[in-house]
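First comes the structure, then the notes that go with it.
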Amino acid sequence: MTCTTCPYCGVGCGVIATLSDELIPNKVSIQGDPAHPANYGRLCVKGSALADTLGLEGRLLQPLLRDGDGSAQTASWDQALDRVATGLRDVIDRHGPEAVAFYVSGQLLTEDYYVVNKLVKGWLGTANIDTNSRLCMSSAVAGHKRAFGEDLVGGNYQDLEEADLVVLVGSNTAWCHPVVYQRLMQSRRERPEKRIVVIDPRRTATCEQADLHLSARAGSDVWLFNGLLTYLEEHGVVDAEFVADHTSGASEALAAARLSAGRLEVVAKACGVPVANLQAFYAMFARTRKVVTLFSQGVNQSSSGTDKVNSIINCHLLTGRLGEPGMGPFSITGQPNAMGGREVGGLANMLAAHLELHDPQHRQLVQEFWNSPAIAAEPGLKAVDLFEAVHDGRIKALWIMATNPVVSMPDADRVREALSRCELLVVSDLFADTDTAALAQVVLPALGWGEKDGTVTNSERCLSRQKAFLPAPGEAKPDWWAVSEVARRLGFEGFDFQQPHQIFDEHARLSAWRNDPQGVQRAFHIGGLAGLDAEAYDRLRPCQWPVSRAGESTPRLFQDRRFFHAHGRARLVPTPPRPPVNVPDEAFPLVLNTGRIRDQWHTMTRTGRAPRLANHLPEPFVEMHPYEAMLCGVQDGTLVRVTSRWGAMVARLRCTADQPRRSLFVPIHWNDRCASDARVGALVNPVVDPLSGEPEFKHTPVSVSPFPVDWHAVVFSRFPLQLEETDAPAYWVRIQGEGFVRYELAGRGRIDDPQRWSRSLLGLRQPSDWLEVHQDSSHDYSAAALDADQLLACVYLSSRSDLPSRGWLGRLFEKERLSEADMVGLKLGRSVDPADDVGATVCSCFSVGRNTILDAIRDNGLTSVEGVGRCLGAGTNCGSCQPEIRALIAAAQLAESP
Ligand code: SF4
C-alpha cells in the first residue's frame, strides 16, 4: 500500500495505490487517501481510473535515436546522453547558450524541475527554460506578484467550504477540478444559505447548482470586476483601516475602475449580461464578508489575463477580505505541479525559490548558493516566443520534457513546423509516438506515475509526495537523472544526485538561504523540511508552505496582514480594460473558446488508454448554439470544419443552447494519433498577455462550415487497425474500449466493394466466420468477423449517420460466446432485447448508461440524484456526472408532464 498523489489536476488529491497482484499493472487498486487534506478520500473519475492507464502497451522502454531520414534505432543510455551532451555543446560553441532552450511541464515532479532549472540558469547561463504552465496560470503568477510582491495563493480549500459566497470565475470546476467542486457542494448541503455565483460565457455543468450564472462575454471580466470595485466604493463597502495601513494604489485603481466601469449599464453592455443580474451579483458580494473568488483558465488564458487577475484581487483588497477563514482570491491551477514548478523557478522569467531574475541581489544569492559558474541575467523566451525562435532558427537545440506542444500550443501547426526544422530536438516522454516525440532526433524513456518518486505542490500550497510503487519499466529513468547525466557529460559539478531526497534537501535549503530581513525575505520557505534523509522523505506527509524550521506548516497566508513588496503592503493595480486582440470579422465571425472535458486529461496520451474514460465523450466535438448553427448551414450531429487564420480542424457538431450565440467551444484533448484532424491548438491565435506571456486560448475568431461526407462507418475490432496503411478516410477517430478498439469513420466517394474494403480495413484475410448483411437498395453494409462464436470485429457502413448503438456493440466484446439473439442483433444492427442497450455512458465510475438511468427514473419514479444513486450507484463516487443525471430527471419529468 503506497500513499501517493494523483498526477492530473491542480487539486492534488492523495491516492492510496495497492498492488493486489504482483506487478500486474491492472491489478493495482486505487482509492482516495482519507488522510490527505486535499480530498479526504474522494477521487474524481480520472483519479479513480488511474490503474487503467498503467499498462506498458506502447511505452518507450529504451532510448531512441532518429537519423536525418527519419529512421529510428534503439540505443543505450550512454549513446543517447552522449548525443544530447555533444549536440548541446556543439550548439553553444557555435551560437552561444541563448541558442539552447528547454520546454518542460507542470507534470514534472519538483525534483526534476529543480535540476533542469539549475542546469539551465546556473550552468548554461541562459533563462531559456519555459513550461506548459505558461499556458495555464502564468497570468495568475504575474497578478499575484503585482498585488502581493510574490507569487502567493493565500487561502486553501477549507476556505471554499467556510465561505458564505463563492464566486467561480472562468472555471468549469465541476469538470476540471471535480473534488474541489464536491467539497463545495457538500458544504452547501450542510449550509443551504451559502451562495454560489458562476461567471462564465458558457452554461457549464458547474452552473447547474449555482444561485446565479453571469454569462459574461469572453474577455469582459475586467469590466465586470472594475464595476464591482466601483460599486463597493459607492456603497461604502471598504475596509478603510486595512486599505490605509496595508495597501497602496487604491486611489489609482479606483480611478481606473470608475473611468471604465462607473455605471452599471456600461458594465452590463460591455459584459453582455442583464443589469439586474449584475446588480444582484454586486449586492451579494457587497453584503457578504466571507467571500472566496476562485478563478482559473477562463481568467488566465487571455491577452489581458494579468489585469483580470488583478481586477479580482483589487476587490478583495479594497474590502480587506483575505487572510481570514472563508475569504480571499483563489487561483486554482490546471496541473498537478504547476505550483512546484513555480517554487523552483521553472518559468523563463524567474529564478529558483521565489527569487527574481531581474534583481542583481537575487541573482547573486542563487549563484552563491549553487556555487555555479554562471547565472542567467536576462529573462528567457516564454513559450510562444520560444517556439517562434525555434522556427526562425535562433534556437537550434531544444529539450522537451513531459509535454506535447504540437498539440497543446497555440498556432500548433507552426510549432510542428518549427520542431521539424530544429537542429537538435530531444524529447523525454513515456511514449515515442506522441505528436511531438515523433519529430525528435533523441527520445528518452521517462518514468510515469507509479514509477517516479518525488514531490508535487497543489493549488493550496500543499506539498505532497508522489511515490513509486511499480518498478521502472525497461530502461526508463527519472528525468532528474537524465539531466544530471548530461550535466556531468558537459563537465559541470553540482549534479551528483543519487536519490530524489537529496534534490529535495537542496531545494529546501535554497528556500531558506538568506530568507531573512537582512537577505531577501519571501514567503516561500520550506527550511523546516531541509535535511530529511531517504526514510524521513519517504514518510513526509502533506504540508502547506511556508514550513517553519520547527516543521509547522501554514494553512493560510496574510493573517498577519504582511505582504512582500518592499514596503510590506499589498498593491491595488489599476486595470484599464482592453478587448481581446483579434476580434471577429466577416471572414471569421465567431469566437472560439477552448477547454477541458470531464474525463480526459491534456492530450490524452495517458487517459486515452483508459476505456472507461473514453465512453463519456468519445469523439472530438464543437459546441455551438442551435441558432448559430442554422446561420452557418450546419446541423447537429454532422461533421463540421472550423477554420481560423492560423489553421483548421474537423469535429462533430453538438448544438446546445448552453453555448452563447456567436461563439463555439472545442475541447483541447484530441491529437493526431487518435483523430484525423482534431487538434484545436492549430486554430488558436498565438496572441499573448503582454506581462505574463500566457496565450489567449479563449478568444480566437473562427468560421464554421459543413464537412460533407458520403458515407459513415463504425468499426469495432479486437486489434488496432493500421489506418495509415489503408486508404485513410477523410474523418476518423480511434477510441479505446474494454477488449476492443472502436473507430468512427466517414469518407467521400462511393465504396464499390464494401466487403473487400472491410476485410482490408480489418486486415482479415481468412476469418473463420464472416457474418454479412448487404442491403443493395441503400448501399448499407454490415459484417462481423467471428471466431468460434466470439466476436473479433464488426463493421457497419451506411450513407446515413444513424449507425448501431456503440454501447450495445461494445458489450458484445465482453462475451466469450455470442448467443443466438446476439447474432440476430448483429444482423439487424440493433439489440433484440432493448435492455442490452444501456446507451451512452453518463457515469464513468460505474459504467452506467443514459438508457439505464432513464429506465430507472421511469420504472421507479425517481426524482432525485440521490434516488438514482441508491438505485444504480451512478453519481455516488466522484459525483462529476450528477449534473447530467439531474438533466435526465428533468427531461423524464418533462416527458411525463401532461
Ligand atoms: S480532482 Fe480528480 S484529477 Fe484532480 S487531483 Fe483529484 S482525483 Fe486527480
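The values are calculated or read from the model by the stated rules, or taken from the named source; none is laboratory data. Just so you know, these numbers come straight off a predicted model, no measurement behind them. Positions of Cβ are backbone-derived with ideal geometry, glycine not excepted, and every protein chain shown enters the neighbour counts. The area values use the complete protein model at the heavy-atom level, side chains included, leaving out ligands, DNA and RNA. Shrake-Rupley method; radii C 1.70, N 1.55, O 1.52, S 1.80 Å.
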Provide the per-residue ³J(HN,Hα) series for the stretch 872-880, in order, calculated from phi with Karplus coefficients 6.51, -1.76, 1.60 and θ = phi - 60°, each as a whole number of Hz, with x at glycine and proline positions. 10, x, 4, x, 9, 9, 8, x, 5
What is the dipole size for the stretch 325-383, taken about its Cα centre, with +1 at each Lys and Arg Cβ and -1 at each Asp and Glu Cβ, in debye to the nearest 20? 160 debye
Ranking 93, 672 from most to least accessible area with a 1.4 Å probe gives 93, 672
If I model a spin label as a point 7 Å beyond the Cα along the Cα-Cβ vector, how far apart are those points for residue 835 and residue 364 in nm? 8.1 nm
Tell me, what is the 1.4 Å probe accessible area of residue 641, in Å² to the nearest 10? 80 Å²
Local electrostatic count, residue 494, Cβ distance below 11 Å [Lys/Arg +1, Asp/Glu -1]: -1
Distance between Cα centroids, the stretch 688-756 to the stretch 786-848: provide it in whole Å. 21 Å
Sort 121, 396 by accessible area with a 1.4 Å probe, largest first. 396, 121
Restricting things to alpha carbons, tell me how big the chain is in terms of Rg and Dmax, in Å. 27.3, 87
So how far, in whole Å, is the C-alpha centre of the stretch 49-123 from the one of the stretch 306-365? 29 Å
Under 5 Å, built H, 5+ apart or other chain: amide partners of residue 5: 15, 467
In sequence order, what are the phi-derived ³J(HN,Hα) couplings for the stretch 152-169 according to the Karplus relation 6.51 cos²θ - 1.76 cosθ + 1.60 with θ = phi - 60°, rounded to whole Hz, with x for glycine and proline? 10, 9, x, x, 8, 5, 4, 4, 5, 6, 7, 5, 8, 9, 10, 9, 9, 10
Restricting things to alpha carbons, tell me how big the stretch 245-295 is in terms of Rg and Dmax, in Å. 13.1, 37
If R₀ is 41 angstrom, what is the calculated FRET efficiency for the pair residue 645 and residue 235, using the beta carbon separation as r and rounding to 0.05? 0.40
Rough spin-label spacing in nm, given labels placed 7 Å along Cα→Cβ, for residue 578 and residue 636: 4.0 nm
Along the stretch 707-713, what does the Karplus equation 6.51 cos²θ - 1.76 cosθ + 1.60 (θ = phi - 60°) give for ³J(HN,Hα), rounded to whole Hz, x for Gly and Pro? 10, x, 9, 9, 9, 10, 8
Expressed as a whole number of Å, what is the distance separating the alpha-carbon centroids of the stretch 215-272 and the stretch 493-508? 47 Å
For the stretch 402-471, what class follows from the C-alpha gyration tensor (a ≥ b ≥ c being the square roots of its eigenvalues): rounded when a/c is under 1.5, otherwise prolate if a/b is larger than b/c, else oblate? oblate
Charge sum, other residues only, whose C-beta stays under 11 Å from residue 565's C-beta, Lys/Arg counted +1 and Asp/Glu -1: +4
For the stretch 201-315, what ratio Rg/Rh do Cα atoms give with a Kirkwood hydrodynamic radius? 0.95
If amide H atoms are built 1.01 Å from N in the plane of the peptide, which residues on other chains or at least 5 residues away come under 5 Å of the amide H of residue 737? 742
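Please work out the FRET efficiency for the pair residue 890 and residue 190, using the Cβ-Cβ distance as r and a Förster radius of 30 Å; give the result to the nearest 0.05.
Details: r = 25 Å, r/R0 = 0.82.
It comes out at approximately 0.75.
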Over the chain, what is the relative contact order in percent, taking alpha-carbon pairs closer than 8 angstrom and at least six residues apart? 15 percent
For a quick check: with amide H placed at 1.01 Å from N, whose amide H comes under 5 Å from residue 561's, ignoring anything fewer than 5 positions away on the same chain? none
Potential extension, residue 816-residue 560 segment - 0.36 nm per residue separation minus Cα distance: 85.5 nm
Can you give the accessible area of residue 247 in Å² (nearest 10), computed on protein heavy atoms with a 1.4 Å probe? 10 Å²
Subtracting the Cα-Cα distance from 0.36 nm times the residue separation, let me have the gained length for residue 866 to residue 251 in nm, one decimal. 216.4 nm
For residue 164 the rounded accessible area (nearest 10 Å², probe 1.4 Å, non-protein molecules ignored) is 60 Å²
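Quick check on my link table: of 46/396; 46/145; 27/477; 27/452; 118/308, which ones sit more than 27 Å apart, alpha carbon to alpha carbon? Kindly include the intermediate steps, with their values, before the conclusion.
Working: 46/396 37 Å; 46/145 32 Å; 27/477 23 Å; 27/452 18 Å; 118/308 32 Å.
Correct reply: 46/396; 46/145; 118/308.
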Ranked order, 642, 583 - accessible area, probe 1.4 Å, largest first: 583, 642
At 25 °C and 0.890 mPa s, the Stokes-Einstein diffusion coefficient in µm²/s for the stretch 464-528, with hydrodynamic radius from the Kirkwood sum on alpha carbon pairs, is 172 µm²/s
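Based on the Cα atoms of the stretch 699-754, what semi-axes does the equivalent ellipsoid have, where each is the square root of 5 times one gyration tensor eigenvalue, given in whole Å with the largest first?
Values: eigenvalues 116, 64, 19 Å².
The three semi-axes for the stretch 699-754 are 24, 18, 10 Å.
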How big, on average over all directions, is the shadow cast by the Cα convex hull of the stretch 705-863, in nm²? 11.4 nm²
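Counting only DSSP beta bridges with both residues in the chain, tell me the antiparallel percent, nearest 5.
Numbers: 73 of 118 bridges.
Given both bridge residues lie in the chain, the antiparallel proportion sits at roughly 60 percent.
Longest segment of the chain with no GluC sites (Glu not before Pro) in a DSSP loop having at most 12 other Cβ atoms within 10 Å?
On the way: sites that count: 22, 57, 193, 493, 552, 586, 814, 816.
Answer - 194-492.
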